[in-house]
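Just below is one structure, and these are the notes that go with it.
The values are calculated or read from the model by the stated rules, or taken from the named source; none is laboratory data. All of these numbers come straight from a predicted model, not from anything done at the bench. Cβ atoms come from the backbone with ideal geometry, glycine included; neighbour counts cover every protein chain shown.
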Amino acid sequence: MNAFDLVVLMTLSNTVQNAIIGNDNSVIGGLVGAAALVGTNYLVVRFLYGHERIDRVIEGDPDVLIEGGRIREDRLRRELITLPELASAARRQGFDSLDDIDRAVLEPGGTITFVARKPTLESSRHAELTARLDAILGELRRAGMRPAE
């Protein structure tokens, strides 16, 4: 849903409300108004689909909020997004913290796209080694041996 869709939705609700409780009490008046708004929305969306430059002017460009794991404070201020809001959006997408994110992009529709950091070779090897040691300790305990602490 883009900004224009939101405007059409708000106008549509107002049109139907006027048909229900306003001066125009007919259902036909509400249906005509709603059909005109939906038709106009359809035509505008079709027009913008074929004209990318105009669409970019209306919708805007994506804005990079985190790049290379570094938070772009200037971009957050420009977009009026606080760190707690950004962290909350990251948690909703399954990230534990902003430290786990390599790149975050605010899309023109208002959603934030997060890209996870790829683990370094050192951290991958460390995790693999730790998992192997845990498996060995488990086998020793099952065999009744007490490993040295």
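Pick out, from the stretch 58-149, the helices (runs of 4 or more DSSP H) lying fully within it that include 1 or more residues that are within 15 Å of the chain's Cα centre (by Cα) and surrounded by 12 or more Cβ atoms within 10 Å (Cβ to Cβ).
Result: 73-79, 83-92.
A residue that is part of a helix (DSSP H, G or I), modelled with pLDDT under 80 and surrounded by fewer than 12 Cβ atoms within 10 Å (Cβ to Cβ) can be found somewhere in the stretch 23-43. Scanning the stretch 44-57 for residues that are surrounded by fewer than 11 Cβ atoms within 10 Å (Cβ to Cβ) and charged (D, E, K, R) yields a total of 3.
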